[in-house]
Structure formats: C-alpha cells, structure tokens
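A quick write-up on the structure given underneath.
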Amino acid sequence: MDGTDIPSGSGEPITPRRSKRLEEQRARLLEEADEAPTLRRSRRIEEQQRAQENIVNYALMSQVLAVQEPTTIAEAQEDERWVEAMDLEYDSIMKNHTWDLVDRPTKRKVIGTKWVYKAKYKSDGSLEKYKARLVAKGFAQVEGFDFEETFAPTTRMTTIRMVLAMAAEKGWPVYQMDVKSAFLNGNLEEEVYVEQPSGFVIPGSKRKVC
C-alpha cells in the first residue's frame, strides 16, 4: 500500500480518498489567500511616476499650445488677438498721459519705437494672455548727450525675501497682483522725443512726435 491506484476487479483504477482534515486545511488556506490584503505600492514611487507624467503632459501641451510670436507689426496685424493686445497697451499709455504730441525738433534726435510681442503662459502650460509692449530704441541714444543717468525700476530678490520673512514672522497677510503696465511717476528733466507708435500714427499729424 504505497498510495498508488489499486486495480479493482473490473479493471478500473480506484482513486484514493483524501482525508476530511486535509480538505479542511486546503479550504482554509484558500480563504486566507482571498482575504489577504494586496501589497501597496510605495507612495514615493507613485509620486515620482505622477511627476514624470506631469512633465510629459506639460511638454506635450506646450507644443500643442505654442503660439507663434510675431516679430513685426505686419505679422501682428494679421491676428486680432495681437491687435487687441496692442490696443490695450496704447490705451494704457494714453490714460497715463505718457507723452504730448509736438512738432518734430530740428536739433534733437528722435528715438524710434518698436512693438514687442510675448505670449504669457500659466504654470500648467496653458495660454494665459497675449501681451504687447511698446519700447523705445534706447540704443540710439548717446550717454552724456542724450542722458546722464539710467535707472532700472526692479526689486532685488534679497528685498523680497526679507519682506516675506517679516510677513511670516509677524503673521501679516501677503497678496499677489498682476500689473499690466508699470510707469515711473517722476518727471524727466531732459527733453526726450520718440516717434509715434507704428500702427497708431494720428491721421494728419504724421510729422509730429511724442
């Protein structure tokens, strides 16, 4: 009796019967396997994979939503969105009374102007707005003749860090705002003349300057 099939009188094999105890153990093991919790993935691995997916999605979205920024006013005038951006910039300049329209001087250099176009994006890569800025061609000026000093109205990062540190220590509220157009409030002592913006030359006053 070694547990193998024993031939019966009819010539058919007889399968040995399993004990009731073995059947119960087998059923219990199967139940425990079904109830066992599944292994949880590492949170760090999931965050890394999610970050990689976000980077890929951002790159793809940036390529899809990339806006062709014009380099000339002729290109910008073909798109109503850039035209609207220029209108907003020009209206802001007029509202702040940035210049007066005067006759062209004969003994002073007139500085040219240029439109600069930039598409602004949000942190997720989606398009936020179209921005047009009117800038003066300052490289045409000569130091000592057209101007004596230059100023850069920017904030140092050390100042920003100091203010934020004080706000955190004192519990002050901090607000963020977006300035569409920033203007210096000081009056110029020198006489500076610039050409009228391209696309916004006042009819009948083409010879006048700002």
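Only helices (runs of 4 or more DSSP H) whose full extent lies in region 20-128 are considered here, and the ones with at least 1 residues that are at pLDDT 90 or above are 73-76, 80-95.
When Ser123 is tested against (1) open to solvent by 40 Å² or more (accessible area, probe 1.4 Å); (2) among the small types (Gly, Ala, Ser); (3) on the phi > 0 side of the Ramachandran plot, exactly one condition is not met: (3). Residue count for region 187-201 under the criterion of being within 37 Å of the chain's Cα centre (by Cα) and exposed (fewer than 10 other Cβ atoms within 10 Å of the Cβ): the result is 2.
The values are calculated or read from the model by the stated rules, or taken from the named source; none is laboratory data. Since this is a predicted model, take the numbers as computed values, not measurements. Cβ coordinates were reconstructed from backbone atoms using ideal geometry, including for glycine residues, and neighbour counts include every protein chain displayed. To get the accessible areas, we keep the full protein, side chains included, count just its heavy atoms, and leave off ligands, DNA and RNA. Shrake-Rupley method; radii C 1.70, N 1.55, O 1.52, S 1.80 Å.
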